[in-house]
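Worksheet: one structure, shown below.
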Amino acid sequence: MADVNPPRLDPVSMAWNTVASYPSYEEAQAAVDRLSDERFPVENLDIVGSGLRLVERVTGRLTNARAAAAGAASGAWFGLFIGLLVGLFTRGPTWIGLIIGGLLIGAAWGAVFGFVGHAATRGRRDFSSARTLTATRYDIVARGGTAEHARSVLQQAGLLPDQHADVPPPGAAGANP
């Protein structure tokens, strides 16, 4: 059955339930792992990234030849897959011919599509890149009234950073009950 009252994600309730904030995902993950090791009910936790930014790492110049080569490589994989799929219903030496044929035909079509696709941009994007989404801060947020227990476990483990001046203590004005 669906949750009738999903958890609120407004800034006040997020601050109220924030257990700890970390500058990297790995640190937040290590804190949740430690809570799990201490038998804390981690199903009541979320890791929330804030201050999101898109980072696009340029990996090199993209020419028509490189686009065709990349297309050929991906086309070859697809052709190999199709050759193997059709090869399931074949016996004898024909099987190897289907595999090689699928690989070559896939590579040829992939190269054509890669070349044409890049040429269609007319030089507007002559580079290859990899995109990632990163956050500047990762908060561990607790549901179900478990935030204080999680804080105490992390504090005992020495994994609670000293940055909770912005988190109102229980009963403070403006805090959600």
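Pairs are defined by a Cβ separation below 6 Å, a sequence spacing of at least 6 or placement on different chains, a first member in the range 140-161 that is in contact (Cβ under 8 Å) with a residue 60 or more places away in the chain and over 14 Å from ALA28 (Cβ atoms), and a second member that is buried (at least 18 other Cβ atoms within 10 Å of the Cβ) and aromatic (Phe, Trp, Tyr); the pairs so defined are VAL153/PHE40. Annotation: GLU27 fulfils all but one of (1) farther than 30 Å from GLN155 by Cα; (2) assigned to a helix (DSSP H, G or I); the unmet one is (1).
Counting only residues that are in contact (Cβ under 8 Å) with a residue 60 or more places away in the chain and either of a type in the set (Ser, Thr, Tyr) or more than 30 Å from HIS149 (Cβ to Cβ) (or both), the range 37-82 holds 13 of them.
Yes/no per residue for (1) within 30 Å of VAL58 (Cα to Cα); (2) small (Gly, Ala, Ser):
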position	(1), (2)
THR90	no, no
ILE99	no, no
GLY114	yes, yes
THR121	yes, no
ASP126	yes, no
ARG131	yes, no
THR136	yes, no
VAL141	no, no
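In the range 33-57, the residue that is farthest from ARG125 (Cα to Cα) out of those that are surrounded by 14 or more Cβ atoms within 10 Å (Cβ to Cβ) and in contact with a strand residue (DSSP E or B) (Cβ under 6 Å, 6 or more places away or on another chain) is ASN44.
List pairs: first residue in the range 22-36 and in contact (Cβ under 8 Å) with a residue 60 or more places away in the chain, second residue of a type in the set (D, E, K, R) anywhere in the structure, Cβ distance under 6 angstrom, at least six positions apart or on different chains. That search, which allows pairs on different chains as well, returns nothing.
In the range 58-83, what residues are open to solvent by less than 80 Å² (accessible area, probe 1.4 Å), of a type in the set (A, V, I, L, M) and more than 15 Å from VAL112 (Cα to Cα)? LEU62, LEU80, ILE82 - these are the residues of the range 58-83 that are open to solvent by less than 80 Å² (accessible area, probe 1.4 Å), of a type in the set (A, V, I, L, M) and more than 15 Å from VAL112 (Cα to Cα).
Would you check if GLY71 is modelled with pLDDT under 95 and within 18 Å of SER128 (Cβ to Cβ)?
yes
The values are calculated or read from the model by the stated rules, or taken from the named source; none is laboratory data. Being a predicted model, the structure only gives us computed values, none of them experimental. Cβ sites come from the backbone with ideal geometry, for glycine too, and all protein chains shown count toward neighbours. We work out accessible area using only protein heavy atoms, side chains counted, and drop any ligands, DNA or RNA first. Shrake-Rupley method; radii C 1.70, N 1.55, O 1.52, S 1.80 Å.
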